[in-house]
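This report refers to the structure that appears directly beneath it.
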Amino acid sequence: MRELIEKATNLPSVPKVLQELMAGFESNTVNGERLATLLANDQAITAKVLRLANSAKYGGNRKVGSVKDAVLVLGTDTLRTLVLSVSLSGSFKPLPKFDLNAYWRYSFRMANRCKYMAKLLKVDAEMAYTCGLLHGIGEYLIHVVKPEQAILIDQEVAMGNRRRETEIKHLGFDFTQAGAELARFWRFPEPIALAIEHQYTPVYGGKLDPYASLIMLGRYLLEHENDVKAERYELFPAKLAHALHLKLEDTYKHIAQMPDVDAGIDELLS
């Protein structure tokens with residue numbers, strides 16, 4: 001997998017601001033002042049961030065005219081999440097037979113649910129959002145390095161076959177492995193790579209990965225959205241909740257109270 005990535009000529013390039021944001025998860029060095037300095041060197045990202053900062057979801061009635069204004073109005077954490085979203089989604093190039101808009105819409109929805117559920121686990125909400133946003137990058141990577149096989153895989157999945165099993169059959173690896181390897185190639189923090197790799201198997205090495213667990217919970221909320229709206233939880237991963245030391249009653253209550261976390265996605269995609 002690593003060799004395929006290194007030979008690929010059309011991989012997305014990672015903006016400097018994104019590299020520093022990722023490094024900041026571990027070093028906690030990217031504060032509002034540093035973020036303003038980084039954005040000063042990337043006018044394209046700055047322009048979109050400021051436009052979004054003035055949207056109904058973020059700006060409200062206050063005019064945001066600069067990154068410093070955005071820090072004051074939104075707060076550093078929200079601004080960092082916004083910059084992360086804009087820089088990542090803006091880095092991926094359109095590919096033949098790959099619906100990039102649908103891909104990002106699903107990824108943003110996953111990220112929003114991971115962030116919301118992170119409150120229950122008492123873990124870093126920004127890290128949870130990032131893991132959710134990146135959980136499917138392996139699928140995009142497969143379309144980059146193995147486009148013909150990727151189209152065939154998509155066709156078989158559309159007929160009802162399981163994606164991961166189909167990918168292993170055709171490629172010898174699946175999108176979780178591919179995504180983790182790409183995250184490592186980009187030198188993203190190892191907890192993000194591990195969450196991507198173990199999003200279906202959050203227990204590994206004798207430990208339970210909270211961020212991989214959040215992706216699993218986020219996937220449940222998306223795949224069983226109608227049940228969730230009706231407050232039916234028969235298919236909820238109760239064993240995972242118990243392993244996370246969550247009380248089911250409290251968890252269901254938290255889910256039922258989830259607001260419209262997807263407001264603003266259309267603005268991010270425009």
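The values are calculated or read from the model by the stated rules, or taken from the named source; none is laboratory data. Bear in mind that the values here come from a model prediction, so they are computed numbers and not experimental data. Cβ: placed from backbone, ideal geometry, glycine included. Neighbour counts: every protein chain shown. In case anyone asks, the SASA skips ligands and DNA or RNA and just uses the protein heavy atoms, side chains included. Shrake-Rupley method; radii C 1.70, N 1.55, O 1.52, S 1.80 Å.
Overview of results
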quantity: Count - residues of the range 113-132 that are crowded, with 24+ Cβ neighbours inside 10 Å and of a type outside the set (K, R); calculated: 7
quantity: First in the range 110-132 and within 14 Å of I265 (Cβ to Cβ), second anywhere and among the hydroxyl-bearing types (S, T, Y), Cβ under 6 Å, 6 or more apart; calculated: A111/Y129; K115/Y129; Y129/T81
quantity: Yes/no for A44 being farther than 22 Å from A263 by Cβ, open to solvent by less than 30 Å² (accessible area, probe 1.4 Å) and free of Cβ contacts under 8 Å to residues at least 60 places away in the same chain; calculated: no
quantity: Subset of the range 47-70 that is closer than 17 Å to Y129 by Cβ and not aliphatic (A, V, I, L, M) - its residue that is most open to solvent (accessible area, probe 1.4 Å); calculated: K57
quantity: Test result for A180, open to solvent by 30 Å² or more (accessible area, probe 1.4 Å), closer than 28 Å to G90 by Cα and at pLDDT 95 or above; calculated: no
quantity: Qualifying helices (runs of 4 or more DSSP H) (wholly inside the range 56-127; at least 1 residues being modelled with pLDDT of 95 or more); calculated: 100-121
quantity: Unmet requirement for D209, which otherwise passes all of (1) under 17 Å from C131 (Cβ atoms); (2) among the charged types (D, E, K, R); (3) touching a residue at least 60 places away in the same chain (Cβ under 8 Å); calculated: (3)
quantity: Subset of the range 87-109 that is within 12 Å of the chain's Cα centre (by Cα) and not aromatic (F, W, Y) - its residue that is most open to solvent (accessible area, probe 1.4 Å); calculated: R105
quantity: Any hit, the range 187-204, residues being at pLDDT 95 or above and among the basic types (K, R); calculated: no
quantity: Candidate set from the range 193-208 (those that are within 16 Å of the chain's Cα centre (by Cα) and surrounded by fewer than 24 Cβ atoms within 10 Å (Cβ to Cβ)); member that is nearest to P237 (Cα to Cα); calculated: Y200
quantity: Cross-chain or 6+ apart pairs with Cβ under 6 Å, the range 88-109 first and within 18 Å of V14 (Cα to Cα), then among the polar types (S, T, N, Q) and not in a loop (DSSP other than H, G, I, E, B); calculated: W104/S89
quantity: Residues satisfying the stated conditions in the range 216-239, i.e. exposed (fewer than 15 other Cβ atoms within 10 Å of the Cβ) and part of a loop (DSSP other than H, G, I, E, B); calculated: A230, E231, R232, E234, L235
quantity: Checklist (1) surrounded by fewer than 21 Cβ atoms within 10 Å (Cβ to Cβ); (2) under 30 Å from M258 (Cβ atoms) applied to R187, failing item; calculated: (2)
